[in-house]
Amino acid sequence: MTHLTEEDQILVYYNEPGTNNAKKHLAECAECKAAADSLARALSVCNEWTVPERPPEFGHDVWIRLAPQLDVPARKAPGWHGFRLWAAAAGFAVLLLAVFLAGRYSRPTPVMDAPVMAALSDQARERILAIAVADHLDRVQILLTEISNTSETSPEVLAADRDRAEDLVQEGRLMRQSLEAQGESATTSFLDEVERFLVEAAHAPDSAPTQAVADLRDRIEAGSLLFKVQIVESNLRSNLSNGEHKL
Amino acid sequence: MSYGEDAALEQARSGDSDAFRVLVERHSTAVFRLAYRMTGNETDAEDMVQETFLRAWKEIRRFDGRASFGTWLHRICANRTVDFLRSRNRWQPALTSGGDNPDAEHDPFRSLASDEPSPERAAQSAEAGAMLEPAIAALSEIERTAFVLRHYEGLPIDEIASALGVQAGAARHSIFRAVRKLRRALEPIGSAQ
């Protein structure tokens, strides 16, 4: 007789689908039943972990803090306002990169007549590049999250996503080139992987928008792309907050 | 104006902040519970509640109704909190020895001994708290999140995978690892019960 593994027992404990055979075995096998009971006892300790009660007005308090931040009305479909915000964010990233590149490549004859930029140390410019890459990944993450959470879409929404992907491709290429100039490889390779996806998203076909989004979603899931973007961005920001700026 | 959940959702999706307010007030406590279990302290958990609803407002037109609104919020909360924990690179349990701790009255393990416990029960609960806190703190962010979503929130594995941005197999194995670690740490108590 093949006994249940611990993993089988965990799936049974949580009543996961596809565990009927394991449940039958448990009903017949004293050894596995004893092991399952032991697992249940250990996990029952976790059930005693209660959360501090919130007062009845908690939801109201949350709203009071939240309301001032909701100054931008939610939109039914992407519009000019959203595009401007997105473009402004992307533009800022490119400006940051320009600062980095101006300092790095234009000495001793700076292309940009900006004493402030010239005065920046290599360290400051590297920090700026790290911030720009983290912000870029944040925008990538927003796009990936939206695609991952969309089941049906319209040609208009898909077109807006395509535009954003195209912007991100351009932005990412600039960053990748800057990193390559520094000789950095791990983040460069990752940006390359992200770019391949973005290029695909930027060329998603109009003819069947829902299928196009489903295909993109499969790509994201197959490569755990969203997860990787979250980790790389999080590590970058963690390093920045610790005063480290090496990519 | 009073709204039912569906009507509030429909109005909120069209940009009606009054309708969104209804959803915030209705779901705040549940989102707090999840955030608290993931962060281990009230202040961070309340910040995560704010972050969750802010993101939800920005993304609400994307809500497609495949899952319930509450589940969708939990996904957002789990994502934001995982990011937060990674950026902080730590878990901040509220459990301390009490005394000077201003949060001591909300100590998650103090409530283990509620309802006029017997001395034996109180001692057992204190022991559980002492073992549960480091055991949970020792889990990785992904393991803790997967475990909290499965054990406390009852989310199916595919929903957990979606919240974490990983495939179902990876979410399942995160739960296995979390349970294995917790079991090792808690078995002495479990076997005493």
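For B:ALA8, which of the numbered conditions (1) surrounded by fewer than 22 Cβ atoms within 10 Å (Cβ to Cβ); (2) more than 9 Å from every other protein chain (Cβ to nearest Cβ); (3) in a helix (DSSP H, G or I) fails to hold?
B:ALA8 satisfies every listed condition except (1).
Of all residues in the range A:34-56, which are assigned to a helix (DSSP H, G or I) and surrounded by fewer than 15 Cβ atoms within 10 Å (Cβ to Cβ)?
Restricting attention to the range A:34-56, the residues satisfying the condition of being assigned to a helix (DSSP H, G or I) are A:34-46.
Answer for the range A:34-56, where residues must be assigned to a helix (DSSP H, G or I) and surrounded by fewer than 15 Cβ atoms within 10 Å (Cβ to Cβ): A:ALA34, A:ASP37, A:ALA40, A:SER44.
Of the residues A:GLY82, A:GLY59, only one is within 11 Å of another protein chain (Cβ to nearest Cβ), part of a helix (DSSP H, G or I), at pLDDT below 55 and over 21 Å from A:GLN182 (Cβ atoms); which? Before you say what the answer is, go through the steps one by one.
Numbers: A:GLY59 fails: at pLDDT below 55.
Selected residue: A:GLY82, the only one of A:GLY82, A:GLY59 that is within 11 Å of another protein chain (Cβ to nearest Cβ), part of a helix (DSSP H, G or I), at pLDDT below 55 and over 21 Å from A:GLN182 (Cβ atoms).
Quick check on B:SER17: is it within 17 Å of A:VAL62 (Cβ to Cβ), surrounded by fewer than 21 Cβ atoms within 10 Å (Cβ to Cβ) and at pLDDT below 90? Write out each step before concluding.
On the way: within 17 Å of A:VAL62 (Cβ to Cβ): yes; surrounded by fewer than 21 Cβ atoms within 10 Å (Cβ to Cβ): yes; at pLDDT below 90: yes.
The answer is yes for B:SER17.
What are the pairs, 6+ residues apart or on separate chains, where a residue within the range B:164-193 that is at the interface with chain A (Cβ under 9 Å from one of its Cβ atoms) and at pLDDT below 85 has its Cβ under 9 Å from a residue that is surrounded by fewer than 21 Cβ atoms within 10 Å (Cβ to Cβ) and not in a helix (DSSP H, G or I)?
These pairs meet every condition: B:GLY165/A:SER224; B:VAL166/A:SER224.
Could you please give the count of residues in the range B:11-40 that are at the interface with another protein chain (Cβ under 10 Å from one of its Cβ atoms) and either in contact with a strand residue (DSSP E or B) (Cβ under 7 Å, 6 or more places away or on another chain) or not in a helix (DSSP H, G or I) (or both)?
Counting residues in the range B:11-40 that are at the interface with another protein chain (Cβ under 10 Å from one of its Cβ atoms) and either in contact with a strand residue (DSSP E or B) (Cβ under 7 Å, 6 or more places away or on another chain) or not in a helix (DSSP H, G or I) (or both) gives 3.
The values are calculated or read from the model by the stated rules, or taken from the named source; none is laboratory data. All figures in this text were calculated on a predicted structure; none of them were measured in a lab. Here the Cβ is made from the backbone with ideal geometry for all residues, glycine too, and neighbour counts use every protein chain on show.
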